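Worksheet: one structure, shown below.
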Amino acid sequence: MSKYKNIRATIIVRVNGLILLVVARNGLTLLPGGRVNRGELPISAAARELYEETGLKATSLSYLFEYESFSNLHHVFFVEACGKAVAAGDAVRLEYLSGSINAVHVNMSPATRAIIAKFYSFHC
């Protein structure tokens, strides 16, 4: 791992059986999440980022795995949450993934595709 990678908390949360995705200002579709602040634990960053981007409050967070992309080291969490999901913070809109990751025709980041594929390989 490069010491220059951004440390990111990345969240997989299901809403009514669908995986929640956020669309960023640049049009890129991502899993909710973001940078882990200095001195912050990745699990705390996951809960914070989920709330900031979607308004959902994490009720349970489970660490799944680590994934290294070109620019980020992702700490991936599966989260159970409550509340009504609304786009906020860095998210301009929310999307929901159902079915195969390959059937999706959205501008999804390669890291998001890889993380979801890895999640599906363990949980579907």
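Just the protein heavy atoms count here, and of the accessible area of region 11-88 at 1.4 Å, carbon and sulfur take up 52 percent. The residues of the chain expose on average 55 square angstrom of accessible surface per residue, using a 1.4 Å probe on protein heavy atoms. Please find the FRET efficiency linking residue 66 to residue 107, where r is the Cβ-Cβ separation and R0 is fixed at 22 Å, and quote it to the nearest 0.05. So, using R0 = 22 Å, E works out to roughly 0.35. Restricting attention to the chain, close to 70% of DSSP beta bridges with both partner residues there are antiparallel. A simple spin-label model places pseudo-atoms 7 Å from Cα toward Cβ; at residue 5 and residue 93 they are separated by 3.1 nm.
Give the dimensionless ratio obtained when the Cα radius of gyration of the chain is divided by 2.2 N^0.38 Å.
Against the empirical 2.2 N^0.38 Å value, I get 0.96 for the chain.
In straight-distance terms, cross-link reach from residue 5 covers every one of the lysines whose alpha-carbon lies under 28 Å from its own, apart from those fewer than eight places away in the same chain; here that gives 57, 118.
The values are calculated or read from the model by the stated rules, or taken from the named source; none is laboratory data. Every value quoted in this text rests on a predicted model; they were computed, and no experiment measured them. Positions of Cβ are backbone-derived with ideal geometry, glycine not excepted, and every protein chain shown enters the neighbour counts. Ligands, DNA and RNA are excluded from the accessible area calculation, which covers all protein heavy atoms including side chains. Shrake-Rupley method; radii C 1.70, N 1.55, O 1.52, S 1.80 Å.
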